[in-house]
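Notes follow once the structure below has been shown.
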Amino acid sequence: MKTLSVRVKFVAMMLLTAGLTTGCATSGEAKDPIEGFNRAIFAFNDGLDKVVVKPIATGYDAVLPNPVRTGVTNFFGNVADVFVGVNNLLQGKLTEGVSDFGRVAVNSTIGLLGVLDVASNIGLEKHDEDFGQTFGRWGVGSGAYVVVPLFGPRTVRDTAGLVLDVAADPVANLDHVPTRNTLAAVRLVNDRANLLPADKVIEEAALDKYSYIRDAYLQRRRSLIYDNNAPREVESQ
């Protein structure tokens, strides 16, 4: 069954369309023309996180020893490396793509299905690539900033990339529903637990949490697309 993948594609695209067609005049901010819509979704996501996701992640972080949490992070990172490699190849970065597949080969065998990150220890660098970055690499503009329910900050370009990311995600597309849902839930909680140290920083630094996260997201995405060497001039939207 591919119901999760289909559901995510449908929800992401329908909500993106709704936001762009009904809220395009809610802000004078060029990078965030649908700010009213985005703030509403941000408030929903933030409330859900505070009530459900963060408490579970906090308990997970408190109960599991650090080596176990690291192993879980490594396992899902190994799964992700497959499509990091695909995106590097699609971006024309052959050396990086071959290195990514080398990481998967080493970590899936010597690293016990990725639980141990042996590849990093032998000099195979971990990269961070996705379909949104691939679109950006080939000149697709970022478009408006969008907050997607459950998935959080995106741009129009990254929302389109999200659809492909989910379509290609081995976890989201497992046919065995209990296994798929369990892995997806563990990955979500583990990812959120890894972000817990950033919460205090955001709360202390941000006068407006929404704007702080938006600006940080856009800056980071631009940096990633240019491989941490973004030009000084502002990227055209």
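The values are calculated or read from the model by the stated rules, or taken from the named source; none is laboratory data. None of the values given here were measured: they were computed from a predicted structure. Backbone-built Cβ (ideal geometry, glycine too); neighbour counts: all protein chains shown. Heavy atoms of the whole protein, side chains included, go into the accessibility calculation; ligands, DNA and RNA do not. Shrake-Rupley method; radii C 1.70, N 1.55, O 1.52, S 1.80 Å.
Among helices (runs of 4 or more DSSP H) entirely within region 86-171, having at least 1 residues that are touching a strand residue (DSSP E or B) at 6+ places or on another chain (Cβ under 8 Å) singles out 131-137, 156-168. On the stretch given as region 59-89, residues that are surrounded by fewer than 18 Cβ atoms within 10 Å (Cβ to Cβ), under 19 Å from the mean Cα position of the chain (by Cα) and of a type in the set (S, T, N, Q) total 1. Give me the residue from region 182-214 that is touching a helix residue (DSSP H, G or I) at 6+ places or on another chain (Cβ under 8 Å) and among the polar types (S, T, N, Q) and, out of that set, least open to solvent (accessible area, probe 1.4 Å). Of everything passing the filter in region 182-214, ASN190 is least open to solvent (accessible area, probe 1.4 Å). Out of ASP175, ASP227, one residue alone is outside any helix (DSSP H, G or I), in contact (Cβ under 8 Å) with a residue 60 or more places away in the chain, out of contact with any strand residue (DSSP E or B) (no Cβ under 9 Å at 6 or more places or on another chain) and over 20 Å from ALA43 (Cβ atoms). It is ASP175.
Just checking, how many residues over region 51-94 are charged (D, E, K, R) and either touching a His at 6+ places or on another chain (Cβ under 6 Å) or under 15 Å from GLU125 (Cα atoms) (or both)? Selection size over region 51-94: 2. Does SER142 satisfy the condition of being touching a residue at least 24 places away in the same chain (Cβ under 8 Å) and either crowded, with 22+ Cβ neighbours inside 10 Å or over 30 Å from ASN38 (Cβ atoms) (or both)? So SER142 fails the test. Inclusion of ARG220 among residues that are open to solvent by 60 Å² or more (accessible area, probe 1.4 Å), in a helix (DSSP H, G or I) and either of a type in the set (D, E, K, R) or touching a His at 6+ places or on another chain (Cβ under 7 Å) (or both) is warranted.
Within region 34-58, the set of residues being over 28 Å from VAL72 (Cβ atoms), open to solvent by 30 Å² or more (accessible area, probe 1.4 Å) and out of contact with any Asp or Glu (no Cβ under 7 Å at 6 or more places or on another chain) comprises GLY36, PHE37, ARG39, ALA40, ALA43. The set of residues in region 24-60 being among the aliphatic types (A, V, I, L, M) and modelled with pLDDT under 95 consists of ALA25, ALA30.
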